[in-house]
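Here's the structure we're looking at; comments come further down.
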Amino acid sequence: NALATIEAARSESVPVVVLTSSGGSTNPIGLTNETPKSETLHWSNPEAQLEAKKFSPAAKTLMEINSLKAVGRNQQNEIIDESLSSQSPRLVVMNPNLILGPQLQPGVPKGNSLPWVKRILTKEAMSEKIPNDSMSIIDVRDLAELHVAAAENVNASGRYFGVNQSYKWEEILNTFSTVYKSYTPPPRFEGDAKIPTQFDHSRKNSLGVTLRPLEETLRDLITFMKERNVIE
């Protein structure tokens, strides 16, 4: 579908294509959280993902690799086919992880993220202990702004992290308890907290979008869930 979109844009002289992928394509084997991830340097191994039966991340990794090839670029976003590049739309790929915030679709929230968060808030999930781990989050409204900014910036091309930052689960759950008084986090894990995933934010920041703080995102999410009668 991504290649068909690029080809359609090329044939109709549409100047830019912005694809939404995933942070699952940015996890090289052996990379530790202490090393800031870079969009142009860090790639998952799709063969290893397939062997591990991580089919969705593998599909997104392959989508990105093949889409860049289709516009004459390599995985470092360097032009390797000048002729093909000059005839192709400008390609941008967004790499978000957990996307949170109000859902435009009417009715009960659907998908993966929001139903999962609802289960956390109602103690159906993550109720025994706070995980000693982290999660990379972005507000859905900020991710939308990043897409628009990338489309409108003629100098934007290649991959961009669609993340605010990676937060410790301890911080996420404690923030939920601040904005939603009915929620109490489970007991903390023992020992020191692991370092969250680190990112090089320079490419994302070049798009000029100011991202919301975590508390604002979670507060608005709670308001939305109450309005949809998902939580009380």
What net charge is computed for the residues neighbouring Ala156, neighbours being all others with C-beta under 12 Å from the C-beta of Ala156, Lys and Arg scored +1, Asp and Glu -1? +2
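Relative contact order for the chain using alpha-carbon pairs under 8 Å, separation at least 6, rounded to a whole percent?
Numbers: 385 pairs, mean separation 55.2, N = 232.
This gives 24 percent for the chain.
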Top positive-direction residue, dipole computed over the stretch 1-83 with Cβ charges, set Ala4, Ser56, Pro46: Ser56
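Using DSSP to call loops (not H, G, I, E or B), can you name the trypsin sites (Lys or Arg not before Pro) in the stretch 140-183 whose Cβ has at most 10 other Cβ atoms within 10 angstrom? Write out the running numbers ahead of the final one.
Details: sites: Arg141, Arg159, Lys168, Lys181; in loops: Lys181.
Sites meeting the loop and neighbour criteria: Lys181.
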For the stretch 174-208 and the stretch 91-127, compute the distance between their C-alpha centroids and round to whole Å. 16
With contacts defined as alpha carbon pairs under 8 Å and 6 or more residues apart, what's the relative contact order of the stretch 100-232 in percent? 37
Suppose R0 equals 30 Å; then what is the FRET efficiency for Glu124 and Asn33 from their Cβ-Cβ distance, rounded to the nearest 0.05? 0.60
Evaluate the distance, in nm, between pseudo-label points positioned 7 Å from the Cα of Glu232 and of Ile79 along their respective Cα→Cβ axes. 6.3
Quick one: how many Å² of Met126 are accessible to a 1.4 Å probe, rounded to 10? 40
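If you put +1 on each Lys and Arg Cβ and -1 on each Asp and Glu Cβ, how big is the dipole of the chain around its Cα centre, in Debye rounded to 20?
Values: 25 positive and 27 negative charges, 101 e Å.
Computed about the Cα centre, the dipole is about 480 debye.
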Give me the percent of DSSP beta bridges within the chain that run antiparallel, rounded to the nearest 5. 25
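Taking only protein heavy atoms and a 1.4 Å probe, what accessible area per residue, in Å², does the chain have with all protein chains in place? If you can, show how the numbers build up before the last one.
On the way: 11960 Å² over 232 residues.
Normalised by residue count, the accessible surface of the chain is 52 Å².
Take Val18, Val117 and sort them by solvent-accessible surface of the protein heavy atoms, 1.4 Å probe, largest at the top. The partial results should precede the final answer.
On the way: Val18 45, Val117 5 Å².
Descending order: Val18, Val117.
Could you compute the net charge surrounding Glu39? Neighbours are other residues with a C-beta less than 12 Å from the C-beta of Glu39; K and R count +1, D and E count -1. Can you show the working numbers first?
Working: positive: Lys37, Arg159, Arg203, Lys204; negative: Glu64, Asp200.
Spelling it out: positives minus negatives among the neighbours equals +2.
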What do you get for GluC sites (Glu not before Pro) in the stretch 1-82 restricted to DSSP loop and a cutoff of at most 12 other Cβ within 10 Å of the site's Cβ? Glu12, Glu34, Glu78
Evaluate the charge dipole of the stretch 103-232 about its Cα centre and quote only its size in Debye, nearest 20, assuming +1 on the Cβ of each Lys and Arg and -1 on the Cβ of each Asp and Glu. 260
Do any trypsin sites (Lys or Arg not before Pro) in the stretch 24-103 lie in a loop, going by DSSP, with at most 13 other beta-carbon atoms within 10 Å of their beta carbon, and if so which? Lys53
With +1 on the Cβ of every Lys and Arg and -1 on the Cβ of every Asp and Glu, the dipole magnitude of the stretch 164-232 about its Cα centre, in debye rounded to the nearest 20, is 160
Which residue, Leu114, Asn205, Ile138, has the largest displacement toward the positive end of the dipole of the stretch 98-232 when charges sit on each Cβ (Lys, Arg +1; Asp, Glu -1)? Leu114
Kirkwood Rh and Cα-based Rg: tell me the resulting Rg over Rh for the stretch 81-197, rounded to two decimals. 1.10
With all protein chains present, how much of the accessible area of the stretch 172-232 (probe radius 1.4 Å) comes from carbon and sulfur, to the nearest whole percent? 42
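Counting Lys and Arg as +1 and Asp and Glu as -1, what is the net charge of the other residues whose Cβ lies under 15 Å from the Cβ of Ile130?
With Lys, Arg at +1 and Asp, Glu at -1, the net is -1.
The values are calculated or read from the model by the stated rules, or taken from the named source; none is laboratory data. The model shown is predicted, which means the values in this text are computed figures rather than measured ones. Reconstructed Cβ throughout: ideal geometry from the backbone, glycine too, with neighbour counts over all protein chains shown. These area figures cover heavy atoms from the full protein model, side chains too; ligands, DNA and RNA do not enter into them. Shrake-Rupley method; radii C 1.70, N 1.55, O 1.52, S 1.80 Å.
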